[in-house]
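The values are calculated or read from the model by the stated rules, or taken from the named source; none is laboratory data. None of these values were measured; they are calculated from a predicted model. Backbone-built Cβ (ideal geometry, glycine too); neighbour counts: all protein chains shown.
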Amino acid sequence: MHSGTEQDGGQRFHRWLELLEERKHAGMVSACNIPAGSSSMLMLFPMLALMTDAARVIEIRLRMIALGKSTPNEMVLMVIEKLNAMEEAKTIMMLGGSASHVIDNYQKIIAANVARLSDTQKD
């Protein structure tokens, strides 16, 4: 059972994702409105947000393992996801993408994990 605060946080997180997609469709390259190729210190915020979201996924997975709710398949999936994300990052960079493109891609992957794992915890 989730408390009201956790549900509100989930709603805010989903709204944030919607805003991110709106910005991308409006022609903005990254979540922090940094043009491709920029090496500005403004990259710090999306990187910190990414780290926070990744920590949330780790926390959920560790809680599932500790409570015996995780499966061997979930643990294998965790490793496969990391390898796939690394390959995607490499491809983005090889095709001339910027660090902001890689961060945006990781944000999508992590957001999908948070949504999937949050649904799994409800069981």
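Given the conditions (1) loosely packed, with under 12 Cβ neighbours inside 10 Å; (2) modelled with pLDDT of 85 or more, and given that Leu44 satisfies all but one, which numbered condition is not satisfied?
(2)
Search region 77-99 for residues that are closer than 16 Å to Val57 by Cβ and pair each with any residue that is among the basic types (Lys, Arg) and modelled with pLDDT under 90 when their beta-carbon atoms are under 8 Å apart and the residues are at least 6 apart or on different chains.
Going by the 8 Å Cβ cut-off, the qualifying pairs are Met78/Arg61.
Tell me, yes or no, whether region 71-83 has at least one residue that is of a type in the set (Asp, Glu) and modelled with pLDDT of 90 or more. Quick ask: steps written out before the conclusion?
As a first pass, look at region 71-83 and keep what is of a type in the set (Asp, Glu): 74, 81.
Add one more test, that the residue is modelled with pLDDT of 90 or more, and what stays is none.
Scanning region 71-83 turns up no residue that is of a type in the set (Asp, Glu) and modelled with pLDDT of 90 or more.
Step by step: first the residues of region 99-123, then only those that are of a type in the set (D, E, K, R) and surrounded by fewer than 19 Cβ atoms within 10 Å (Cβ to Cβ), then the one that is modelled with the lowest pLDDT. Which residue is that?
Keep residues of region 99-123 that are of a type in the set (D, E, K, R), which gives 104, 108, 116, 119, 122-123.
Filter again for surrounded by fewer than 19 Cβ atoms within 10 Å (Cβ to Cβ), leaving 108, 116, 119, 122-123.
Working: Lys108: 89, Arg116: 86, Asp119: 80, Lys122: 67, Asp123: 57.
Ranking the qualifying residues of region 99-123, first place goes to Asp123.
Residue-wise test of (1) hydroxyl-bearing (Ser, Thr, Tyr); (2) modelled with pLDDT under 65; (3) in a loop (DSSP other than H, G, I, E, B).
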position: His14; (1), (2), (3): no, yes, no
position: Lys24; (1), (2), (3): no, yes, no
position: Met28; (1), (2), (3): no, yes, yes
position: Cys32; (1), (2), (3): no, yes, yes
position: Ser38; (1), (2), (3): yes, yes, yes
position: Val57; (1), (2), (3): no, no, no
position: Ile65; (1), (2), (3): no, no, no
position: Gly68; (1), (2), (3): no, no, yes
